[in-house]
Amino acid sequence: MLFFKKKKIPLNEFFPQGFVDIHSHLLPGIDDGAKDLETSIALIQKMASYGIKNFITTPHILGDVYPNTPEVIKRKLKEVTDELKRRNLLDISISAAAEYMMDEKFTDLIEKAQLLTLKDNLVLVEMSYFSPPINLYEILFQIQLKGYKPILAHPERYNSYHNNFEEFFKLKRAGCLFQLNLLSLTEQYGKGVQKTAEKLLKENLYDFVGTDTHHQMHLELLRKIATPKNLKNIEQLMKSTTNRFGK
């Protein structure tokens, strides 16, 4: 009996021309992503070999755990861009926004209306995987009242919603856009997350995609997504992401 492996597509053919990764943790030493400048550059070079050369990287801003400020983020971004130029990696485009945890400190930032956006008024937000904030819908309202549009990072990873799918529709009605983590198409975060991602795709609830790359292991796992089935399911989402966030 013959056994056939699932057909794979080279990653540099899987991603559309000019694809923009809108969710990653590539700035050195300020969250749980790249630990130093050398690691930052190594991650970027590896992703470039996959055909991803445009980045809006999104370090965490999370209470006292990652109390990053726009000034800190911009300084770290300059370190990376300067090093890319020094190494003559001139085909790489990288800017920075942030991934905001919707907590008490975030509500203070909303009031100041000084959020780092992905582009225009689009801001990347997240919440606890196990329990959404009690005032979640109030926070979403406040975000939009200040003129921003929330993009909820990896909605498929919020375990508390896995058995209450109507909550996803409720979030969409409240004005949330959804960003799929590409690794959620694998078993990286567990089968429950993978199944939820597939269901959200089937219901056409996603708006954008991102890698959410933190380290080299994520990039090794990313190879698994390049199948004809996945391309069929997310090709339009990848193009929409590229069109919205590209130059």
Inset, instruction - Specify which of the listed residues (ASN135, ASN181) is of a type in the set (S, T, N, Q) and farther than 19 Å from HIS214 by Cβ. - result: ASN135
Legend entry - Which listed residue, of LEU201, LEU136, LEU140, LEU152, is in contact with a Pro (Cβ under 9 Å, 6 or more places away or on another chain) and farther than 18 Å from LEU11 by Cα: LEU140
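Quick one: how many residues across segment 220-242 are hydrophobic (A, V, I, L, M, F, W, C) and closer than 21 Å to LEU118 by Cβ?
From segment 220-242, those hydrophobic (A, V, I, L, M, F, W, C) are 221-222, 225-226, 231, 234, 237-238; that's our starting set.
Remaining after also requiring closer than 21 Å to LEU118 by Cβ: 222, 234, 237-238.
The number of residues fulfilling the criteria is 4.
Collect the residues in segment 63-83 that are within 23 Å of ALA113 (Cα to Cα), of a type in the set (A, V, I, L, M) and open to solvent by less than 40 Å² (accessible area, probe 1.4 Å), keeping them in residue-number order.
First, the residues of segment 63-83 that are within 23 Å of ALA113 (Cα to Cα): 63-77.
Filter once more, so that each one left must be of a type in the set (A, V, I, L, M): 65, 72-73, 77.
Selection gives VAL72, ILE73, LEU77.
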Inset, instruction - Might you check whether a residue that is touching a residue at least 12 places away in the same chain (Cβ under 8 Å), of a type in the set (Gly, Ala, Ser) and touching a Phe, Trp or Tyr at 6+ places or on another chain (Cβ under 6 Å) occurs anywhere in segment 197-208? - result: no
Inset, instruction - Tell me, please, whether a residue that is over 26 Å from LEU182 (Cβ atoms) and aromatic (Phe, Trp, Tyr) can be found in segment 116-133. - result: no
Legend entry - Hits in segment 117-132 (condition: in a loop (DSSP other than H, G, I, E, B) and closer than 20 Å to PRO59 by Cβ): THR117, LEU118, ASP120, ASN121, MET127, SER128, TYR129
Legend entry - Unique match (being open to solvent by 50 Å² or more (accessible area, probe 1.4 Å) and small (Gly, Ala, Ser)) among SER49, SER24, SER40: SER49
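The values are calculated or read from the model by the stated rules, or taken from the named source; none is laboratory data. What you see is a predicted model, and the numbers here were worked out from it, not measured in a lab. Cβ sites come from the backbone with ideal geometry, for glycine too, and all protein chains shown count toward neighbours. Side chains are part of the model used for accessible areas, which takes the heavy atoms of the whole protein and leaves out ligands, DNA and RNA. Shrake-Rupley method; radii C 1.70, N 1.55, O 1.52, S 1.80 Å.
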